[in-house]
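Working notes for the structure below.
Computed from the coordinates by the stated procedures, all read-outs in this text should not be read as laboratory data. Just so it is clear, the model here is predicted, and its values are computed rather than measured. Glycine also receives a Cβ, built like all others from the backbone with ideal geometry; neighbour counts cover every protein chain displayed.
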Amino acid sequence: MGAMPFRCLYLLCLFTCKLSPEVAAEVQESSDGPGAREPVRLTDVQAAMEFVAAAEVVVIGFFQDLEVPAVSLFHSVVKNFQDVSFGISTASEVLAHYSVTGNTISLFRLVSQ
């Protein structure tokens with residue numbers, strides 16, 4: 001559990017920093033292995049809310065169009081972080097529920113009080 005905060009910080013850095021094409025290509029090459037997986041499709045608000053509540057840390061890619069370059073980079077990161085739950089949504093009702101107006105990648109962390 002001690003490595004989780006570092007991985008989340010690293011993941012956040014990946015999404016917020018602009019990666020050079022060489023780095024993005026390297027991530028893509030290293031992610032084509034046998035453990036490859038896909039993010040969970042979140043088609044409605046209820047599914048998204050349940051997904052967020054189901055794990056301590058989840059990352060959701062909110063995209064208006066799956067053809068933007070950020071989507072392929074998002075899929076590459078999903079394949080490299082097997083211990084983080086990833087979701088993806090293009091549903092306008094889900095984007096509106098989370099007040100997303102553009103292509104956004106969000107990290108949700110469950111905090112105990």
Open item on the list: Can you give the local net charge around residue 92? Use residues other than it whose beta-carbon is closer than 14 angstrom to its beta-carbon, Lys and Arg +1, Asp and Glu -1.
Closed with: -3
Task: Gyration tensor verdict on region 48-113 (Cα atoms; rounded if a/c is under 1.5, prolate if a/b is larger than b/c, oblate otherwise) - done: oblate
TODO: For residue 40, enumerate residues with amide H under 5 Å from its amide H, sequence gap 5+ or separate chain, H modeled in the peptide plane.
DONE: 86, 87, 88
